[in-house]
Number of protein chains: 2
Amino acid sequence: MWDERIRNARLRERILSADEAARHIRDGMTIGISGFTRAGDAKVVPAALVERVRRTGEPMRINLWTGASVAEEVDRTLVEAGLVARRMPFQSDRRMRDAINRGDVMYVDQHLSLTVEMIREGQLGPLDVAILEAIAIAEDGSIIPSTSVGNSPTYAMMADKVIVELNTHQPLELEGMHDIYVPGPRPHREPIPLVEVSDRIGTPGIPIHPDKIVGIVITDRDDHFAPLAPPDEETARIAGHLVDFLEHEVRMGRLTNELRPLQSGVGAVSNAVLHGLLGTPFHHLQMYSEVLQDAAFDLLDEGRLRFASGCAVTLSPGRAQDVLGRLGSYRDRLILRPQEISNHPGIIRRLGVIAMNTALEADIYGNVNSTHVLGTHMMNGIGGSGDFARNAYLSIFVTKSTAKDGRISSIVPMVSHVDHTEHDVQVLITEQGLADLRGLAPRERARLIIEHCAHPDYRDALFEYLETALRFGGHTPHDLEKALSWHVRLRDTGSMRP
Amino acid sequence: MWDERIRNARLRERILSADEAARHIRDGMTIGISGFTRAGDAKVVPAALVERVRRTGEPMRINLWTGASVAEEVDRTLVEAGLVARRMPFQSDRRMRDAINRGDVMYVDQHLSLTVEMIREGQLGPLDVAILEAIAIAEDGSIIPSTSVGNSPTYAMMADKVIVELNTHQPLELEGMHDIYVPGPRPHREPIPLVEVSDRIGTPGIPIHPDKIVGIVITDRDDHFAPLAPPDEETARIAGHLVDFLEHEVRMGRLTNELRPLQSGVGAVSNAVLHGLLGTPFHHLQMYSEVLQDAAFDLLDEGRLRFASGCAVTLSPGRAQDVLGRLGSYRDRLILRPQEISNHPGIIRRLGVIAMNTALEADIYGNVNSTHVLGTHMMNGIGGSGDFARNAYLSIFVTKSTAKDGRISSIVPMVSHVDHTEHDVQVLITEQGLADLRGLAPRERARLIIEHCAHPDYRDALFEYLETALRFGGHTPHDLEKALSWHVRLRDTGSMRP
């Protein structure tokens, strides 16, 4: 019955119910599951575990490792049932976030390229069970992933036991689009041979000894993608500034109209900015990115994007059916890689990627906070932004200049938490304008950022802060008593407005 | 007369006085000079320029690019004469620092691997004149550097004119110890083929067309090395904690006694910590570092270090004569590389380096400030610490737990400036103890850092801060009103003590 999707005859005997498979999970274990930005996550075994624990009342606290964020059905149900002791390396679920911010879940927020290096070298403890979604299992047992690769190759390698969620609703056309490559052990590692965005350097499936697969659970659940806010007037203006800047770089002879391989962060703003490249003079573009969202497929459809490399395909519900229904048409223009390859510092440096990521807030010197509301409360996590921003040819951060109906300025005297230092932020864009910070000292950066990026409602107050700060002197002038006062006011009054 | 050191006959005709050579430098120019941590810097032409400007009173403001820090004779004399408009990418001179902190010099503080990528791709403007110290010029015109390589290969490539300072006091034995490799142009760059610390992948000299060399100035000035504070009781205790930790890692099977390639930051504390590896069970060690200081040679002499790769040899004055006098004995165990290779993110990741860098201060969550006193005043610069910390197998930061006779705690509630985020700090060591932060959430990191690393005099106050901060909740709890209060107190009273 499952010959087409389970091509190893012996493995066809290991089909289990989700509940049977979940019995491999015991209290205190570390569980690694597939999934990156809600794409290709394990779905039914985590749910079955929650079911069982609710039924039996047995004690159960697990460490949950993923690729990146997984569907709320997974994070939410696990955390609501109180099953998650630790979480790594990224999440974006509201209830998981609340538990993290209450201190109920110990969250290890990591550069997404780094997790598997540390796991393979035993720095984060053993992995008991991996649960990996697949579209098929090859004759040799190797696992063909679905809409994301994430950390699955290393989870398959390191786990004592592997459970496969064979998802019959994920299109078989995905087969051949993955490129599984795990760098060799250090310290005698050969260079990763990827030179072009489109290079295939690995295998179509995740190699694994069939004996390690203790169960295969058949499922038919679609990825639970989240809606994506459409481009709005402000994101269109951000995109406009970006396009103007890139055209200027072409005129200066630093870029051609083919630009450089593009990385685009995750979420509505990043998607909208990328969307802004439609209908521009740029052509034969390539992406070397983490997540391929709607705009990547818009650009592929327009023929403007000639190749896209990522580690996950995450679409809005409206776009998913269309794209997944004709995946074959993207076959020669799409590769999905493990996140340590899509986000690899050395490869990003080698390719000279143009990185475009989203800031929660930036300060007048160009330091960026992309994770912590009020410096304390985790939103999602640093994700791959550090992998890309530090190593890019050009590191661009975008944000709307205000949030919450203007009550919050995204440009502040001092960010309340630093994810990206001024060294890693070369261009800052808001709907107000663009600041090209390359080769500038902090004092110069400050005037440019306030003038070009801050919202007019906050510009005077920022200049006033800068003038006071300058009285204290220094390479990066600050008035330490007032540096975080805008955040304190926001915390106490709900607004940064004086 | 100069046949041995200038092997290209035509070039022997281009010997100039320092004053004649300096005439190539005009107001508004960008000048790139050799030199890294006071090793192998251009010496006499900058001095001659200052002389001339003092004599003529002509207007002269230049942009000064180097490898890293240069001798105070260069930075100090240039800045005292008011000649420096901009400075990049690193400095450590007191007067240069003062000028930067006054806002008189615009300082661009950069990751040291990054500068030449941006220069080669035209992102930082043109380079007018390069002044490079050499021990010899080969028959084909290629320049054999002296005690550092730094950014010189790219400066030679990009400058309109090149002036060579041929230093007859630098030992000719250095020839053959350099390995000059410049990565190919992006976006079609081949992998850098370095796999082992000892691999030679380039040429012994800096390739350059002889016509580009407009003058050769003969000099005999020694590198002006700075004294290095000897190991003291506190650095010995830091080293002791490091050795205990590494031995523990060996027992856990994560490392062998050969460890991994070691990187050690610049300065007395880093040198003293590295010194602590003498007489330990670790053997056949290798260094893949930026600067090779006294301790590297102590370890080479002891036979404990089998190979050292760096981009500069910087010794204390006492040790310099000894080491430079018998350089030949290190020939097969030493390579000097361009700083973009010694500090290359992809190579550091590939080799799995153990990075050991110095913090100015760290906060209870493990964020590190390594550059800004009171968050405002530049000490030296970020240097290569970001290149190494972000990409290392293990990123270790060390600092004494207090400074200024105990008036400053190096462990603070919130660092006043962030150079290295908690993501890039895996182990923190003070003379008080060691915090292994791998796989821990911020709330866990805080207790460990306060308990193990803070000085007992500040421990209660830090716990008190943490308790208050926890009332505000969050993944990284802070009381924003008090987060920087220790720094404000220090600024206002000269002490962090309550």
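The values are calculated or read from the model by the stated rules, or taken from the named source; none is laboratory data. All of these numbers come straight from a predicted model, not from anything done at the bench. Cβ: placed from backbone, ideal geometry, glycine included. Neighbour counts: every protein chain shown. Each accessible area value is taken on the protein alone, full model and side chains, heavy atoms only, with ligands, DNA and RNA left out. Shrake-Rupley method; radii C 1.70, N 1.55, O 1.52, S 1.80 Å.
Quick check on segment A:161-170: of everything there that is open to solvent by 20 Å² or more (accessible area, probe 1.4 Å) and not polar (S, T, N, Q), which residue is farthest from residue A:142 (Cα to Cα)?
Here the answer is A:169.
Consider only pairs whose beta carbons are under 8 Å apart and that are at least six residues apart or on different chains; among these, list those whose first residue lies in segment B:80-102 and is open to solvent by less than 20 Å² (accessible area, probe 1.4 Å) and whose second residue is part of a helix (DSSP H, G or I) and small (Gly, Ala, Ser).
Correct list of pairs: B:84/B:99.
Report yes if residue A:292 is crowded, with 22+ Cβ neighbours inside 10 Å, touching a residue at least 24 places away in the same chain (Cβ under 8 Å) and farther than 24 Å from residue A:429 by Cα, otherwise no.
Answer is no for this residue.
Give the residues of segment A:455-498 that are under 23 Å from residue A:432 (Cβ atoms) and aromatic (Phe, Trp, Tyr), sorted by residue number.
Correct list: A:458, A:463, A:465, A:486.
Name the residues in segment B:161-189 that are within 14 Å of chain A (Cβ to nearest Cβ) and touching a Gly at 6+ places or on another chain (Cβ under 6 Å), would you?
B:181, B:186, B:187
Across segment A:261-279, what is the number of residues that are open to solvent by 20 Å² or more (accessible area, probe 1.4 Å), over 15 Å from residue A:304 (Cβ atoms) and at pLDDT 95 or above?
Selection size over segment A:261-279: 0.
So which residues in segment B:441-451 are open to solvent by less than 70 Å² (accessible area, probe 1.4 Å) and not basic (Lys, Arg)?
Once the filter is applied, which keeps residues that are open to solvent by less than 70 Å² (accessible area, probe 1.4 Å) and not basic (Lys, Arg), segment B:441-451 yields B:441, B:442, B:444, B:446, B:448, B:449, B:450.
Do we have any residue at all in segment B:96-103 that's out of contact with any Lys or Arg (no Cβ under 6 Å at 6 or more places or on another chain) and closer than 30 Å to residue A:246 by Cβ?
No, segment B:96-103 contains no residue that is out of contact with any Lys or Arg (no Cβ under 6 Å at 6 or more places or on another chain) and closer than 30 Å to residue A:246 by Cβ.
Test residue B:294 against the criterion of being among the acidic types (Asp, Glu) and closer than 19 Å to residue B:39 by Cβ, and give yes or no.
The answer is yes for residue B:294.
Give all pairs with beta carbons closer than 9 Å in which a residue from segment A:167-190 that is acidic (Asp, Glu) meets a residue that is modelled with pLDDT under 95 and in a loop (DSSP other than H, G, I, E, B); count only pairs at least 6 apart in sequence or on separate chains.
A:173/A:326
Among the residues of segment A:372-417, count how many are within 14 Å of chain B (Cβ to nearest Cβ) and under 20 Å from the mean Cα position of the chain (by Cα).
Summing the residues that are within 14 Å of chain B (Cβ to nearest Cβ) and under 20 Å from the mean Cα position of the chain (by Cα) in segment A:372-417 gives 23.
Yes/no matrix, rows are residues, columns are (1) facing chain B (nearest Cβ under 9 Å); (2) buried (at least 16 other Cβ atoms within 10 Å of the Cβ); (3) outside any helix (DSSP H, G or I):
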site: A:459; (1), (2), (3): no, yes, no
site: A:462; (1), (2), (3): no, yes, no
site: A:471; (1), (2), (3): no, no, no
site: A:474; (1), (2), (3): yes, yes, yes
site: A:481; (1), (2), (3): yes, yes, yes
site: A:492; (1), (2), (3): no, no, no
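Only one of these conditions is not met by residue A:158: (1) within 12 Å of another protein chain (Cβ to nearest Cβ); (2) open to solvent by 10 Å² or more (accessible area, probe 1.4 Å); (3) of a type in the set (A, V, I, L, M, F, W, C). Which number is it?
If we test residue A:158 against (1) within 12 Å of another protein chain (Cβ to nearest Cβ); (2) open to solvent by 10 Å² or more (accessible area, probe 1.4 Å); (3) of a type in the set (A, V, I, L, M, F, W, C), just (1) comes out false.
Working carefully through the options B:284, B:344, find the one that is under 24 Å from residue A:185 (Cα atoms) and more than 11 Å from chain A (Cβ to nearest Cβ).
Exactly one residue qualifies, and that residue is B:284.
Go through the residues of segment B:32-48 one by one and say whether even a single one is within 14 Å of chain A (Cβ to nearest Cβ), among the aliphatic types (A, V, I, L, M) and either under 20 Å from the mean Cα position of the chain (by Cα) or not in a loop (DSSP other than H, G, I, E, B) (or both).
So far as segment B:32-48 goes, no, none of its residues is within 14 Å of chain A (Cβ to nearest Cβ), among the aliphatic types (A, V, I, L, M) and either under 20 Å from the mean Cα position of the chain (by Cα) or not in a loop (DSSP other than H, G, I, E, B) (or both).
Need pairs with beta-carbon distance below 8 Å; first residue within 13 Å of residue B:265 (Cα to Cα) and within segment B:369-387, second β-branched (Val, Ile, Thr) and part of a helix (DSSP H, G or I); sequence gap 6+ or separate chains.
Here the result reads B:387/B:348, each pair linking segment B:369-387 to a residue that is β-branched (Val, Ile, Thr) and part of a helix (DSSP H, G or I).
Could you list, in sequence order, all residues of segment B:400-418 that are out of contact with any helix residue (DSSP H, G or I) (no Cβ under 7 Å at 6 or more places or on another chain) and closer than 28 Å to residue A:389 by Cα?
B:414, B:415, B:417, B:418
Take residue B:20 and decide whether it is without any contact (Cβ under 8 Å) to a residue 12 or more places away in the chain and not hydrophobic (A, V, I, L, M, F, W, C).
Against the criterion (without any contact (Cβ under 8 Å) to a residue 12 or more places away in the chain and not hydrophobic (A, V, I, L, M, F, W, C)), residue B:20 does not qualify.
Output the number of the condition that residue B:362 fails; it satisfies all remaining conditions of (1) open to solvent by less than 10 Å² (accessible area, probe 1.4 Å); (2) more than 8 Å from every other protein chain (Cβ to nearest Cβ); (3) farther than 24 Å from residue A:371 by Cα.
Residue B:362 satisfies all of (1) open to solvent by less than 10 Å² (accessible area, probe 1.4 Å); (2) more than 8 Å from every other protein chain (Cβ to nearest Cβ); (3) farther than 24 Å from residue A:371 by Cα except (3).
Which of the following residues is open to solvent by 10 Å² or more (accessible area, probe 1.4 Å), hydrophobic (A, V, I, L, M, F, W, C) and under 14 Å from residue A:261 (Cα atoms): A:307, A:282?
A:307
Listed residues A:201, A:208, A:213; which is aliphatic (A, V, I, L, M), exposed (fewer than 15 other Cβ atoms within 10 Å of the Cβ) and over 22 Å from the mean Cα position of the chain (by Cα)?
Result: A:201 is the single residue among A:201, A:208, A:213 that is aliphatic (A, V, I, L, M), exposed (fewer than 15 other Cβ atoms within 10 Å of the Cβ) and over 22 Å from the mean Cα position of the chain (by Cα).
Within segment A:428-440, restricting attention to residues that are outside any loop (DSSP other than H, G, I, E, B) and open to solvent by less than 10 Å² (accessible area, probe 1.4 Å), which residue is farthest from the other protein chains (Cβ to nearest Cβ)?
Selected residue: A:430.
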